[in-house]
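Reviewing the structure listed below.
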Amino acid sequence: MEAGKYYIETYGCQMNEADSEIIAGLLERENYIATCNPEEANIILVNTCSVRHGADNRAISRLSQFKSLKKTNPDLLLGLVGCVAQRDRGKILKEKPFIDLVLGPDAYRQIPQLIMNKPHSFVDVNLSRREVYDGLMPFRNSVVNAWVSIMRGCDKFCSYCIVPYTRGRERSRSVKSIVEEVKIAVNDGYQEITLLGQNVNSYRYKEYRFPELLIQVAKIPGVKRIRFTSPHPEDVNARMLEVMRDFDNICKHIHLPLQSGSTKVLSAMNRSYTQKRYLDFVANIRNLLPTCGITTDIIVGFPGETAADFEETLRVMDEVIFDNAYMFKYSPRPNTAAVQLTDNVTEEEKAERLNRIIAKQKKHTTFRNRQTIGTVQSVLIDGSSKKNVDEKIGRTDSNKLVILKEGNADIGDLIDILITGAPGVSLFGKIQKS
Ligand code: SF4
């Protein structure tokens with residue numbers, strides 16, 4: 001029997017999306033059902049992100065909007081969960097006393113108990129050294145790709161990043177429970193498995209490291225595609241690349257966050273590599289996996305970044321020619337080490353540098369995309385084009401978006417597509433007849 005309806009709004013990274021699926025799994029187990037309409041929900045949870053300025057403000061203002069729903073539904077349970085709950089635990093209930101639940105990322109297991117007790121002003125933001133949500137099945141949103149969280153937390157302490165403080169220290173799930181979850185996902189019809197972790201390739205469980213885990217997952221019958229995100233450059237070793245090379249079902253795409261091309265800035269960011277080491281990582285990838293897509297993250301305007309430092313970032317971009325990039329202006333995040341540094345790059349300089357790297361990346365993405373014209377790419381169809389719902393879309397092995405211009409395919413099909421054009425950020429193609 002239905003216990004009620006729940007509505008979850010999620011901000012931020014894929015880890016947060018995966019956490020929302022775990023929370024949904026817990027609620028479904030208690031016979032709650034999902035709704036897209038907050039007005040008919042008995043439980044509203046906002047899963048927040050504190051990594052980027054803006055997402056945190058948006059999430060908190062959404063809660064204030066939901067407050068009015070309590071007038072028509074006094075039993076409505078309103079909760080703030082995730083990284084902002086963890087970060088702002090001291091002040092959030094003082095500022096927003098109408099919130100019933102404040103839960104950090106390691107406190108979700110108690111949600112079924114809490115919703116029975118209908119708490120008010122309940123806070124649990126304890127960080128755990130062990131919680132990996134083993135044994136909890138997520139209630140998945142997607143139809144083709146299953147996110148499987150394999151580790152949580154981070155021990156790297158990059159100076160601009162709040163994650164080690166909001167998500168705690170690194171810990172990994174057992175191989176057995178990951179393999180079981182993947183088998184269930186395959187049985188449920190998922191074609192693609194994406195292994196998730198804050199530093200996914202820092203995975204370590206007993207004698208297993210990330211490459212050994214990859215092998216165990218790749219060998220599971222029926223797993224058509226495996227992806228992983230996000231790796232740390234430091235842990236992209238030869239063994240990992242060899243395993244990627246040896247298994248056809250492991251996609252040839254690595255997201256390799258650069259952050260800055262300047263060794264001086266990298267050191268201030270507490271990134272563990274220099275420019276040269278980063279370029280060596282790229283050379284190793286190209287050597288062992290020549291067709292591998294390489295994408296990245298770049299921050300401009302970190303405190304102390306001079307014009308010469310910024311030129312180094314441009315130089316690395318020109319040398320690597322990334323397939324794609326997420327690019328940001330630095331903004332100080334509360335409670336991070338970098339907040340102590342003088343934010344001495346002006347907003348105008350930050351904006352100008354950001355515009356320059358965006359323009360450069362656009363050219364590089366176009367260049368990389370055009371290199372695929374005339375090739376046949378294996379594409380997993382995962383949806384329809386927003387511009388034209390009659391056109392199916394999918395991703396290549398190297399994670400490029402393809403719009404199917406000729407031929408029919410169903411969602412979930414893994415098919416060969418001849419790339420016929422690359423007019424912008426996506427590729428056009430037609431089904432390759434065998
Ligand atoms: S590696 Fe650095 S940027 Fe990534 S989560 Fe850890 S501290 Fe944050």
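Scan the range 84-99 for residues that are open to solvent by 10 Å² or more (accessible area, probe 1.4 Å) and either in contact (Cβ under 8 Å) with a residue 40 or more places away in the chain or charged (D, E, K, R) (or both) and jot them down. Those that are open to solvent by 10 Å² or more (accessible area, probe 1.4 Å) and either in contact (Cβ under 8 Å) with a residue 40 or more places away in the chain or charged (D, E, K, R) (or both): Arg87, Asp88, Arg89, Lys91, Lys94, Glu95, Lys96. Here Glu234 does not fit the description of being more than 16 Å from the ligand (Cβ to nearest atom) and either within 25 Å of Gln377 (Cβ to Cβ) or acidic (Asp, Glu) (or both).
Condition check ((1) hydroxyl-bearing (Ser, Thr, Tyr); (2) more than 30 Å from Phe302 (Cα to Cα)) across all residues:
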{"site": "Asp343", "(1), (2)": "no, no"}
{"site": "Thr346", "(1), (2)": "yes, no"}
{"site": "His364", "(1), (2)": "no, no"}
{"site": "Arg370", "(1), (2)": "no, yes"}
{"site": "Thr375", "(1), (2)": "yes, yes"}
{"site": "Gly383", "(1), (2)": "no, yes"}
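Each residue in the range 190-214 was checked for being part of a helix (DSSP H, G or I) and either open to solvent by 30 Å² or more (accessible area, probe 1.4 Å) or over 16 Å from Asp248 (Cα atoms) (or both), and 5 of them qualify. Regarding the range 281-291, can at least one residue be identified that is assigned to a helix (DSSP H, G or I), within 30 Å of Gln191 (Cα to Cα) and within 14 Å of the ligand (Cβ to nearest atom)? Within the range 281-291, not a single residue is assigned to a helix (DSSP H, G or I), within 30 Å of Gln191 (Cα to Cα) and within 14 Å of the ligand (Cβ to nearest atom). Could you give me the residue pairs with C-beta distances under 6 Å whose first residue belongs to the range 379-408 and is farther than 24 Å from Lys362 by Cα and at pLDDT 95 or above, whose second residue is surrounded by fewer than 19 Cβ atoms within 10 Å (Cβ to Cβ) and among the charged types (D, E, K, R) wherever it lies, and which are 6+ apart or on separate chains? What qualifies is Ile381/Asp413.
Looking across the range 168-185, the residues that are part of a loop (DSSP other than H, G, I, E, B) and within 15 Å of the ligand (Cβ to nearest atom) come down to Gly168, Arg169, Glu170. Note on the range 404-426: residues that are buried (at least 20 other Cβ atoms within 10 Å of the Cβ) and more than 9 Å from Val379 (Cβ to Cβ) total 2.
When the strands (runs of 3 or more DSSP E) confined to the range 1-53 are screened for residues that are open to solvent by less than 40 Å² (accessible area, probe 1.4 Å) and not acidic (Asp, Glu), those reaching at least 3 such residues are found at 4-10, 43-48.
At least 1 residues being modelled with pLDDT of 90 or more and more than 16 Å from the ligand (Cβ to nearest atom) is the threshold, and among the strands (runs of 3 or more DSSP E) wholly inside the range 94-167 those reaching it are 101-103, 145-149. Does the range 250-280 hold any residues that are part of a loop (DSSP other than H, G, I, E, B), surrounded by 17 or more Cβ atoms within 10 Å (Cβ to Cβ) and not hydrophobic (A, V, I, L, M, F, W, C), and which are they? Within the range 250-280, Lys252, Pro257, Ser260, Gly261, Ser262, Arg271, Tyr273 meet the criteria. Within the range 312-354, the set of residues being closer than 30 Å to Arg286 by Cβ and not hydrophobic (A, V, I, L, M, F, W, C) comprises Glu312, Thr313, Arg315, Asp318, Glu319, Asp323, Asn324, Tyr326, Lys329, Tyr330, Arg353. Of the residues contained in the range 223-241, none is found to be open to solvent by less than 30 Å² (accessible area, probe 1.4 Å), closer than 17 Å to Leu288 by Cα, polar (S, T, N, Q) and not in a helix (DSSP H, G or I).
Residues considered: Val316, Val389. Of these, the only one that is among the aliphatic types (A, V, I, L, M) and open to solvent by 70 Å² or more (accessible area, probe 1.4 Å) is Val389. Pull up the range 10-61, narrow it to residues that are at pLDDT below 85 and charged (D, E, K, R), then point me to the one that is farthest from the chain's Cα centre (by Cα). It comes out as Arg58.
The values are calculated or read from the model by the stated rules, or taken from the named source; none is laboratory data. Quantities reported herein were computed from a predicted structural model and do not represent experimental measurements. All Cβ positions, even for glycine, are placed from backbone atoms using ideal geometry, and neighbour counts span all protein chains on display. The area values use the complete protein model at the heavy-atom level, side chains included, leaving out ligands, DNA and RNA. Shrake-Rupley method; radii C 1.70, N 1.55, O 1.52, S 1.80 Å.
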